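Report on one structure; see the data block that follows.
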Amino acid sequence: MKIFRSKASAQHDPHLTALTISQADYLRELVRQYHAGLGPQVSVSGDTLHAPQGTRSLYNIAESCRRADPREWPGLVEQHFRALDGAVEATPEGPEQILRSAYLRLVPEDAFPPEAASSFSYVRRVAPGLQEALALDLPDAVRLLDDRFVAGVGLEELRAAGRANLVREPVEYDVAHGQGGAAMHIVSGESMFVASKALVLDDLAHSVTGRQLPEEGALFVVPSRNYLVFHPLADHQVVDAVNDLAAFGLGAHQDNPGPLSPRLYWWRKGAVTSLTHIDDATHSFSIAPPEELMAILRRLRDTGADA
């Protein structure tokens, strides 16, 4: 299966690929202007803001601007950085308060600019395109935690609390059927941690469906922070589910704020495997399941044919 993306008519910026070169330059200038009014000397290059207190990625603000009228960009920049500054100031004090606010969070593989990557060495790679980080859910923002903060509280304590809080996070749930008839279990909501529930997919599936995931696991997509869609590997409709989920994941990744990954994934016993191969040269996505999954798909398909 191969899915083609439309090629952009204007050349996109090599660092902020959501924007064209001229749009990215305009965004960088807005970031400079905003910080110039605050006093501290900063520099902006590529996808990174360099400030006295450290570096900050421009990835999320670029994605927000891509979906807005350029006339709204100055306000978006101000809102974005005020929220980040407020998150630092609003960080709770004391281990108990911190653990109550801690969450495991899925972030894109390129969430941290190279200059900042060494400050997030605890971050775990889940699968191509996805990383597991720790975050604090604060009143007006979500703050990703760096190594220094994590060391001060304890990595294992934060991970345990983050998992428990993620399991309890409320979501909305619905079931839709794709073009081939396969059931797509749609989890959504305003929470910044909806897609992160892929890290606890077994708990999530039992919570919303009342059933455990089958031994073979489930297919899922996490196109943006507010969406997770999965299909348990339990019946002959799995082949249709592959096509429907892949198409949904790609479209929702392009069209929603907080994009996470356009890939299709296979969850099994806590392990996550990417089924998507991305060819940047041809602007195409192809689905290439491993042989172990192919055998499961064939068996489930043939079981349905015999019924």
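Brief remarks on what is shown
- Dipole magnitude (debye, nearest 20) for the chain, charges at Cβ of Lys, Arg, Asp, Glu: 240
- Which label in [x] 1.05; [y] 0.97; [z] 1.40 gives the computed Cα Rg over 2.2 N^0.38 Å: [x]
- Backbone geometry of segment 241-251 corresponds, through the Karplus equation with coefficients 6.51, -1.76 and 1.60 at θ = phi - 60°, to 3J(HN,Hα) couplings of 5, 4, 5, 5, 5, 4, 5, 5, x, 5, x Hz, x marking Gly and Pro.
- For the chain, the residue among P223, F81, V200 whose Cα projects farthest onto the positive side of the dipole built from Cβ charges is P223.
- Leading residue at positive end of dipole, segment 9-69 (Cβ point charges), from H15, G37, N60: G37
- A protection proxy built from the mean count of other Cβ atoms within 10 Å ranks the segments 278-289, 206-217, most packed first, as 206-217, 278-289.
- Entry note, the chain: relative contact order of 15 percent, from Cα contacts under 8 Å with a spacing of 6+ residues.
- By average C-beta atoms within 10 angstrom, highest first, the peptides 147-154, 189-196: 189-196, 147-154
- For segment 95-168, the relative contact order is 41 percent, taking Cα pairs closer than 8 Å that sit 6 or more residues apart in sequence and dividing their mean separation by the residue count.
Coordinate-derived values only; no laboratory data. Since the structure is predicted, the reported quantities are computational estimates derived from the model, not experimental observations. Glycine also receives a Cβ, built like all others from the backbone with ideal geometry; neighbour counts cover every protein chain displayed.
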